[in-house]
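Student: My structure is below; once you've seen it, I'll send some questions.
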C-alpha cells in the first residue's frame, strides 16, 4: 500500500471515529470532538501546504476557525467571510507560486523537461484559460483554466507530456488527433473544484495513478492487448475527472 | 431551377436570395459567384502537413484558432487553414457565425446549445463528439442565426 493511501486512510478513519463519538455523546463536555477534528483538519492543511496546494491548505484552517469560533470570539455572521478569505488566499497563493509547484512536479515526474522553466499563459487572472504547446511536434501540452470553460483539441505527432490545471472550471481535452511518443506519454491533472473530461482514443491504455480527495476519476476501462500505455497522474480535490473513449 | 429577377428602387439594397432544399456544393458555388459571402473573396484552403485537401464548406463544423494556426474541424478530423480567423469571418457564407474570439461555427451542423451557470453555452454538433463554447458576447447573435436557420428550414 502506498504511503499516501495510508495517510488518507487514517484521516478517514479518524473522521469516522469522530462522527461515532459525536453520535454517542462522548467527549462533548470536554470539546474532544472539535479538538480531534481540528487535529485532523490541521494534518490535511499541513500536507496540502507542503504539496503547495494552497486552496486545500487554507480551507481546513477556516473550518478549524469555525469549530473554535466561540473561543476565538468570531461572530457567527462573519464565518462566511473567513471561508471566502481562505479561498481567496488559497487561489491567490496558487497563482503566485504556480511556477514552484510546476518545478516540483517536473522534478518528481519529468526530470529535465520544459515545464520547470517554461512559459505559461492564462495564469494569475481572475478568470482565465490558455494553452501552450511546446516543441515542433507538440510533445508538451499545457492546458490551464481558472473560473471558466475551456476546450482544447490536442494535435501532436509525438505526444510526451500533457499538463491540465483546472480550478473552479470545466475543461474538455480531445486527444483524438494525437500520436503518442514511442516512449509513452504522461497526462498530469491538477483538478481543484473543477470538472475535467478527457476524450481519448480507444487504443489508449490508461494507467490511473491520480490521487483523489473528495472527488472521482470515472470512465477508465482496462484495455486488453498491446495498446499504447499512457500514465494518468496528478491530484483531484473536490472535482471530477471523466474519461470518454472515442 | 427557376430564375426570377425583381427590380428594386434606388434606395433599396441589391440582393440575391437562393431558395434551396439543402446547401450543396453547387449552391455554395452559386452563392460564392453572387458574392454571398459577406465579402466575396478567396475560398479557404485546407492542409494536413504538406498535403492539401479539398473540402466543401458544408462539411466544416467549426473553425478554431489554436496557438498560431486556424483549424477547420469536420466530424472526426481537423485541417489547418492558411487564413486568419478574421479573414474567414469576412469570406464565409452567412450560415457560419462567430461564437467566441477563437471560434466560428457552422449553424447548419449545430445540434444543441447547453447554457452554463456563467451564461457561457456549450455547443454540440450533429453526428460528432466535438464541442465548443459560445461566449457571452456572441450568444445573442448565435441565437438569432439559429432562429434564422429554423425559419429557413421550414420554408
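A short reminder: the numbers here are calculations on the coordinates, not readings from a lab. Please read all numbers here as calculations on a predicted model, not as lab measurements. Quick reminder, even Gly has a Cβ in these numbers, built from the backbone with ideal geometry, and neighbours come from all protein chains shown.
Student: For a quick check, take a GNM of chain B with Cα springs below 10 Å and name the residue from B:77, B:11, B:89 with the largest mean-square fluctuation.
Tutor: Among B:77, B:11, B:89, the largest mean-square fluctuation in the Gaussian network model of chain B belongs to B:11.
Student: Hey, another quick one. Taking each residue in A:142-154, count the Cβ atoms of any other chain within 10 Å of its Cβ, then average. What number comes out?
Tutor: Whole-number average of other-chain Cβ neighbours for A:142-154 is 3.
Student: At a Förster distance of 35 Å, what's the computed FRET efficiency of residue B:89 paired with residue A:95, Cβ-Cβ distance as r, to 0.05?
Tutor: 0.60
Student: Sort B:109, A:211 so that the residue with the fewest other Cβ atoms within 10 Å of its own Cβ comes first and the one with the most comes last.
Tutor: A:211, B:109
Student: Relative to the present Cα-Cα distance, how much length would full extension add between residue A:20 and residue A:39 at 0.36 nm per residue of separation?
Tutor: 5.2 nm
Student: Something else about it: At a threshold of 8 angstrom on Cα-Cα distance, excluding pairs fewer than six apart, so keeping six or more, what relative contact order does segment A:3-95 reach in percent?
Tutor: Reported as a whole number, the value is 24 percent.
Student: Now for a different question. When B:59, B:64 are ordered from fewest to most other Cβ atoms inside 10 Å of their Cβ, what list results?
Tutor: B:59, B:64
Student: Using only the Cα atoms of segment A:3-95, build the gyration tensor, take square roots of its eigenvalues as a ≥ b ≥ c, and label the shape rounded, prolate or oblate: rounded if a/c is under 1.5, else prolate if a/b is larger than b/c, else oblate.
Tutor: Since a/c reaches 1.5 but b/c is at least a/b, the shape of segment A:3-95 is classed as oblate.
Student: Checking the a/c ratio against 1.5 first, then a/b against b/c, what shape does the Cα gyration tensor give for segment A:134-246?
Tutor: oblate
Student: Would you mind calculating the gained length between residue B:146 and residue B:76 on full extension (0.36 nm times residue separation, minus the Cα-Cα distance), in nm to one decimal?
Tutor: The span from residue B:146 to residue B:76 would gain 22.9 nm if fully extended.
Student: Next question. Only Cα pairs under 8 Å and at least 6 apart count here; give the relative contact order of chain B as a rounded whole percent.
Tutor: Reported relative contact order: 16 percent.
Student: Order these peptides, A:197-208, B:95-106, by their mean beta-carbon neighbour count within 10 angstrom, highest first.
Tutor: Top to bottom by mean Cβ count within 10 Å: B:95-106, A:197-208.
Student: Here's a follow-up. Please work out the ratio of the alpha-carbon Rg of segment B:25-154 to 2.2 N^0.38 Å and round it to two decimals.
Tutor: Scaled against compact globular proteins, the figure is 1.02.
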